[in-house]
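Visitor: Structure below; questions to follow.
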Amino acid sequence: MQIPYTVENHPETGVYNGKLGVWLFLASEVMLFGALFSSYILLRTNAAHWPHGVEEGLNIPLATVNTMVLIASSVTMVMAWAAARLHDLKKFRLYMGTTFLCGLIFLGIKYVEYSDKFHHGHLPSKSTFLAIYFTLTGLHGLHVIGGMIVNGYLWGPGAKLFHTDHARFSNRIEVAGLYWHFVDLVWIFLFPVLYLL
Amino acid sequence: MSGHSAEDIKRETRVYILVFAALAALTVITVAVSTLHLSAMPALAVALLIAITKGSLVACYFMHLISEKKVIYSVLILTVVFFVVLMTLPVSGLLGSTAR
């Protein structure tokens with residue numbers, strides 16, 4: 001059975017179904033992270049003392065680099081989409097590959113951060129701050145991995161669609177990009193909340 | 001999303017680069033402000049203001065919300081309403097009896 005409105009816009013919504021579907025999914029993601037941010041506020045406002053991230057062994061320079069890496073990956077993702085729309089597979093692969101690499105660097109830095117904390121006994125069980133820190137960054141990290149799996153697929157085997165159904169392929173890159181930018185957006189808020197305040 | 005011609009797409013990519021530069025600059029400003037050791041409320045206000053600006057840039061330009069269809073805005077308005085409820089719940093006093 002042919003799935004309708006994967007390329008052309010639905011007459012009632014004005015967008016193709018994949019895009020509306022991803023935005024609805026992102027709405028649920030906002031509520032997921034929103035619930036955790038809400039828990040963070042609850043824990044912080046009810047704590048007698050709330051430590052600064054540095055006191056709990058957080059590394060601001062590394063987190064700043066990670067923020068830059070994720071922002072850069074958002075730009076390369078949107079450039080990959082532009083290259084796909086311009087029918088330039090070589091450039092698409094270059095930008096999408098760079099996006100994937102940025103995701104890998106982000107996770108690598110996160111691994112270094114986590115290892116350092118575990119080495120110094122800064123475990124989730126040690127304090128409320130560390131518990132919410134590991135919950136929020138861990139969930140975010142899982143989202144990065146999820147995005148990388150999709151991006152890796154679109155860079156590799158999924159790119160076959162570039163030749164057979166180019167419009168559909170471009171739409172796939174667009175919706176994968178929406179998800180990836182959301183992951184970047186979440187980190188934009190996590191960084192100051194956990195590391196700087 | 002605005003246009004679909006090759007020229008339109010190339011123009012969009014120039015905007016993406018400018019947005020990236022703005023995001024990088026705002027990240028540096030966030031870290032620089034944190035070294036000033038402001039008191040809690042001003043520090044929170046500045047950090048959140050910068051984060052909201054950065055988030056808006058990502059949403060408007062990378063996620064193309066600046067020129068989206070009405071149905072997407074409708075979904076987002078509903079999301080924002082529920083998100084605001086979630087954020088105000090811990091400080092509204094409704095959870096006071098169970099939180100302490």
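Visitor: Binning at 5 Å from 0, report for the protein assembly as shown what percent of all alpha-carbon pair distances ends up in each bin.
Guide: Whole-percent P(r) values from 0 Å outward: 1, 5, 11, 15, 17, 17, 13, 9, 6, 4, 2, 0, 0.
Visitor: Then there's this: Looking at the stretch A:89-197 from every direction and averaging, what is the projected area of its Cα convex hull in nm²?
Guide: Details: hull surface 29.8 nm².
If I average the Cα hull's projected area over directions, I get 7.4 nm².
Visitor: Also, quick follow-up: Using r as the Cβ-Cβ distance of B:Leu44 and A:His166, and R0 as 41 Å, what FRET efficiency do you calculate, to the nearest 0.05? Present the calculation step by step, with values, prior to reporting the outcome.
Guide: Details: r = 47 Å, r/R0 = 1.15.
The formula returns an efficiency of 0.30 here.
Visitor: Just to confirm the number: angle between the C-alpha axis of helix B:70-88 and the first principal axis of chain B, 0 to 90 degrees, nearest 10?
Guide: 20
Visitor: Placing one identical point scatterer on every Cα of the stretch A:46-115 and ignoring solvent, what is log10 I(q)/I(0) from the Debye formula at q = 0.17, 0.19, 0.20 Å⁻¹?
Guide: So the normalised log intensities are -0.68, -0.76, -0.80.
Visitor: Let me ask something additional. Between the stretch A:77-117 and the stretch B:1-64, what is the separation of their alpha carbon centroids in Å?
Guide: Here the two parts' Cα centres lie 19 Å apart.
Visitor: Another question, then. What base-10 log of the normalised intensity I(q)/I(0) is obtained for the stretch B:16-100 from the Debye formula, alpha carbons as equal point scatterers, at q = 0.12 Å⁻¹?
Guide: Debye intensities relative to I(0), on a log10 scale: -0.56.
Visitor: For A:Tyr16, A:Tyr114, which order do you get if you count the other beta carbons within 10 Å of each Cβ and list the fewest first? Walk me through the numbers before you get to the answer.
Guide: Values: A:Tyr16 20, A:Tyr114 15.
Neighbour counts put them in this order, fewest first: A:Tyr114, A:Tyr16.
Visitor: Sticking with this structure for a sec: Taking the 0 to 90 degree range and rounding to the nearest ten, how far is the long axis of helix A:17-45 tilted relative to the main principal axis of chain A, both from C-alpha atoms?
Guide: It works out to around 10 degrees.
Visitor: Here's a follow-up. What ranking of A:Arg168, A:Arg85 emerges when the number of other C-beta atoms within 10 Å of each C-beta is taken as an exposure proxy, fewest first? Display every interim value, and only then the final one.
Guide: On the way: A:Arg168 15, A:Arg85 23.
Ordered by Cβ neighbours within 10 Å, fewest first: A:Arg168, A:Arg85.
Visitor: Give the average, rounded to an integer, of partner chain Cβ atoms located within 10 angstrom of each Cβ in A:9-16. Show your work: numbers first, answer last.
Guide: Details: counts 1, 2, 0, 1, 5, 5, 5, 0.
If you average over the peptide's residues, the count of other-chain Cβ atoms is 2.
Visitor: By how many nm would the segment from A:Leu62 to A:Ser39 grow when fully extended, if each residue of separation counts as 0.36 nm and the alpha-carbon distance is taken off? Numbers along the way, then the final one.
Guide: On the way: separation 23, 0.36 × 23 = 8.28 nm, distance 2.55 nm.
Result for the pair: 5.7 nm of gain on full extension.
Every read-out reported here was derived from the displayed coordinates using simple, explicitly stated rules and does not represent laboratory data. As the structure is a prediction and not an experimental result, all values here were calculated from the model. Cβ atoms come from the backbone with ideal geometry, glycine included; neighbour counts cover every protein chain shown.
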